[in-house]
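This report concerns only the one structure given below.
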């Protein structure tokens, strides 16, 4: 079974540019989560999809971040325009119906560097 | 509000010696607690969980952790370190006693270094 896949693994962009991160969850997983880890800090929750609906987006930093999950399959996280403080590792995780942490599977993350 | 403190950013042990990674938490509820491990270029993987059952929890790869409510601690241990244990470890608390994936709070992580 394929795991949670994230593209790209690394992205280096300049301040003011746009970047789109993609997450392919495990097939059949209704729940999809985005997290971010800024260097030296904790991993922090960004938002939670249940199928195509945003269940909780309380962790999104500001309106430069836009997450979508059209059709309830893969998800994208767009940052526009990117700022220096957006640098970090962006993790995606998915789980099947219900939201049990032991059923949460993480991707390996996208390392975003904004210069 | 809940929080997690991992007391060491780096821990270095020799192969074959015991491992202790320390974690303290605070929570207003009866929390669930987890340890995750991240090997280089891999996703986070669940090592073990505490969800209000037995206070001594056994996980994968020989790791275990003990929930001590009086000390608000959930330290991770392993009797004998192996080179393959070198990774970053995260202590995580959920505000939901049932172990829900919502409301997870992560510690800053501890890098475990294994000396040959």
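Readers should treat all values here as calculations from the given coordinates under stated rules, not as data from a laboratory. Source: prediction; values computed, not measured. As a convention, Cβ positions derive from the backbone with ideal geometry for all residues, glycine included, and neighbour counts pool all protein chains shown.
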Protection proxy (average C-beta count within 10 Å per residue), highest first, orders A:27-33, A:89-95 as A:89-95, A:27-33
With Rg from the Cα atoms and Rh as the Kirkwood inverse mean 1/r over Cα pairs, the protein assembly as shown has an Rg/Rh of 0.97
For the residue A:74, residue B:70 Cβ pair and Förster radius 41 Å, calculated FRET efficiency rounded to 0.05 is 0.35
Subtracting the Cα-Cα distance of residue B:3 and residue B:28 from 0.36 nm times their residue separation yields 8.0 nm
Taking alpha-carbon centroids only, segment B:15-73 lies from segment A:63-90 a number of Å equal to 30 Å
If R0 = 45 Å, then residue B:113 and residue B:53, at their Cβ-Cβ distance, give a FRET efficiency to the nearest 0.05 of 0.90
Computed Rg/Rh for segment A:43-90 (Cα atoms; Rh = Kirkwood radius) stands at 0.96
Over chain A, the quotient of the Cα radius of gyration and 2.2 N^0.38 Å is 0.99
Each residue of B:43-54 has, on average, a number of other protein chain C-beta atoms within 10 Å of its C-beta equal to 3
Scaled by the rule-of-thumb 2.2 N^0.38 Å, the alpha carbon Rg for chain B gives a ratio of 1.00
Expressed in nanometres to one decimal, the distance between label points 7 Å along Cα→Cβ at residue B:82 and residue B:42 is 1.1 nm
Of segment B:71-96, those with amide N under 11 Å from the point 7 Å along the Cα→Cβ vector of residue B:61 are B:82-90
Long-range alpha-carbon pairs in segment A:64-106, meaning those over 12 Å apart, account in percent for 71 percent
Mean other chain Cβ within 10 Å across A:43-49 is 3
For residue B:14, placing the label point 7 angstrom along Cα-to-beta-carbon and taking segment B:58-81, residues whose amide nitrogen sits under 13 Å are B:81
